Amino acid sequence: MRLSNSALASMGAHQNVITPQYERQQLSPGIVHLGLGAFHRAHAAVYTDGAIARGDQRWGIVGVSLRQADTRDALTPQDNLYTVAVRDAEGEQLHVVGALITSLVAPENPQAVLAAMADARCHIVSLTVTEKGYCHDPATRALRVDHPDIVHDLAHPDAPRSALGFIVRALALRRGAGLAPFTVLSCDNLPSNGLTTRGLVLAFAAMIDSELAGWIDQQGAFPNSMVDRIVPNTTEDDRARVAAMLGADDAWPVMTEPFSQWVIEDRFAGARPCWEEVGATLVAEVESYENAKLRMLNGTHSSLAYLGAVIGYATVDEAIADAGLANFIGAMMRDEIEPTLSRPGLPEYRAELLARYRNPALKHKLQQIAMDGSQKLPQRLLGTIRDRLAAGAPCDRLCFAIAGWLRYLAGSDEAGNTYPIADPLAEVLHAAATSSTDPTAQVAALLAVRDVFGDDLPGNPQFVSSLTQHLASISKYGVAAAISALEAKTS
Ligand code: CS2
């Protein structure tokens, strides 16, 4: 039996399975979500499902995939129902989410997406399109006017491809119809994600219609938000296990951990769900949370991913079980990242992160985290390095992690197993790691990628020499021994 509205009705109550206790047919399309990946389905959609369950039917979600049809193909036959499987060492809880009411595939029918966004009942357009979906330069956060999707959307604003193109066109339609703008809610791991999105939307709009840009500037709202939940990719084993527990087949359940956090700046252009009643935190200022999360969690996640994958580990829990790596990551947070942050409770936060990494049930693949390093490392590690350098403070572990990335980009681990490099800049990055065996030349080739490193870091002698030394040490002794040597020196 396939998961569906009628299957739910016949399933009855199961222990460890929560199902929607509201009339799904009554939901109106209040949110359009761009980027219908596993992260959204395991994070924001769960909060929205909770807000609906408390009686507010305005917040059905229209989910949009900007590229592939696979999510829509999986979810439409099951009435857009899907399961969130929450897992840790203690066991597993299933939560069938009912908030998603439609799944669209933008390239198949961009007009349907625009119509949903321009609908008077839509108040919020949220996004999880990953870092590269913003079509910006990660070092400067400026719009890349040479990005193929942006070039296309500027030439064809009424049939867009990019998230920015859809947002600007839909806002133009709303303005034309005398409607208020929707709130644009970025839920990606970018610094000041709302402010960054606002800058990009305004830059794009100004290239099409300066009056429209003025209207968005005056009336639009782009709250910042900090999102946090670890969501590994779903495997075939996960599908089989969920089907057995649920008593129905779900073509695309999503896997996650018990922890979930969403901190949202309370600045909306119109109505919003009462997410604060179901665990989200609505505040006046988000950036200090966001920065702490990007630097502490995502910064160490990426470090573990590159160093762990080069050693030959497959998952986060395997890598953090290596005492050398665990000590290194803990010391990196304590000595090099926390001093750059202003949030209280950092030692507790650090301990909580290490415990989350140890979750044995998630099997979170290091290669999943390793992808798109060029888009991630500026906000995860390089900003912290800049702050440390400016303060004249040591940042050896952070530089060691960048050296680990460069070693990872060679495309094979220390046992010689090869893996593909998934990154929009894969070619130039792989070339930097392989065109020479001399660490000085490798570092110079990597630092030439100004989209990642900006114009300042490549000219910083301390940064360049630290990176070169650590790469030389990793190449000569291997990651584990190079970490031991570094720790012996710094302690
Ligand atoms: C991870 C994040 O894949 C990655 O790059 O670092 O997706 C991470 O799991 C989430 O940000 C946790 O909130």
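The values are calculated or read from the model by the stated rules, or taken from the named source; none is laboratory data. Computed from a prediction, not measured in an experiment: that's the story for all the values here. With ligands, DNA and RNA removed, areas are computed over all heavy atoms of the protein, side chains included. Shrake-Rupley method; radii C 1.70, N 1.55, O 1.52, S 1.80 Å.
Quick rundown of the values:
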quantity: Equivalent ellipsoid dimensions for the range 287-490 as semi-axes, Å, which come from the Cα gyration tensor, largest first; calculated: 23, 20, 16
quantity: Mean shadow area of the range 5-283 over all directions, Cα convex hull, nm²; calculated: 14.3 nm²
quantity: Whole-angstrom Cα spans of the range 5-63 along principal axes, big to small; calculated: 33, 24, 20
quantity: Solvent exposure, largest accessible area first (probe 1.4 Å, DNA, RNA and ligands not counted), of Trp215, Trp275; calculated: Trp215, Trp275
quantity: Proximal lysines relative to Lys489, as straight alpha-carbon distance under 19 Å, when same-chain residues fewer than 8 apart are discounted; calculated: Lys476
quantity: log₁₀ of I(q)/I(0) at q = 0.17, 0.22, 0.25 Å⁻¹ - the range 157-214, Debye sum with one point per alpha carbon; calculated: -0.54, -0.89, -1.10
quantity: Residue-span extension gain [Lys476 to Ala448] - 0.36 nm each, minus C-alpha spacing; calculated: 7.7 nm
quantity: Under-5 Å amide H pairs with Leu100, H placed in peptide plane, nonlocal only; calculated: Ile61
quantity: Phi-based couplings in Hz for the range 314-331 (Karplus 6.51, -1.76, 1.60; Gly and Pro marked x); calculated: 9, 10, 4, 5, 5, 5, 7, 6, 7, 4, x, 5, 4, 5, 4, 5, x, 5
quantity: Residues whose placed amide H lies under 5 Å from that of Ala221, excluding near-sequence neighbours; calculated: Val184, Ala269
quantity: Centroid-to-centroid separation of the range 303-368 and the range 139-163 [C-alpha atoms, Å]; calculated: 36 Å
quantity: Two-decimal Rg/Rh across the chain, once Rg and the Kirkwood Rh are taken from alpha-carbon atoms; calculated: 0.97
quantity: Normalised contact order of the chain, rounded percent, pairs of Cα under 8 Å and 6 or more residues apart; calculated: 14 percent
quantity: Partner lysines for Lys376 [C-alpha distance under 21 Å; skip if fewer than 8 residues away on the same chain]; calculated: Lys132, Lys293, Lys365
quantity: Solvent-accessible ranking of Ser210, Ser126, Ser491, largest area first, probe 1.4 Å; calculated: Ser491, Ser210, Ser126
quantity: Segment Thr434-Leu354, extension gain: residue separation times 0.36 nm, minus the distance between their alpha carbons; calculated: 25.5 nm
quantity: Estimated [θ] at 222 nm from DSSP helical runs (n ≥ 4, -39500 (n - 2.57)) normalised by residues in the chain, nearest 500; calculated: -13000 deg cm²/dmol
quantity: Counting all C-alpha pairs of the range 323-442, share separated by more than 25 Å (%); calculated: 32 percent
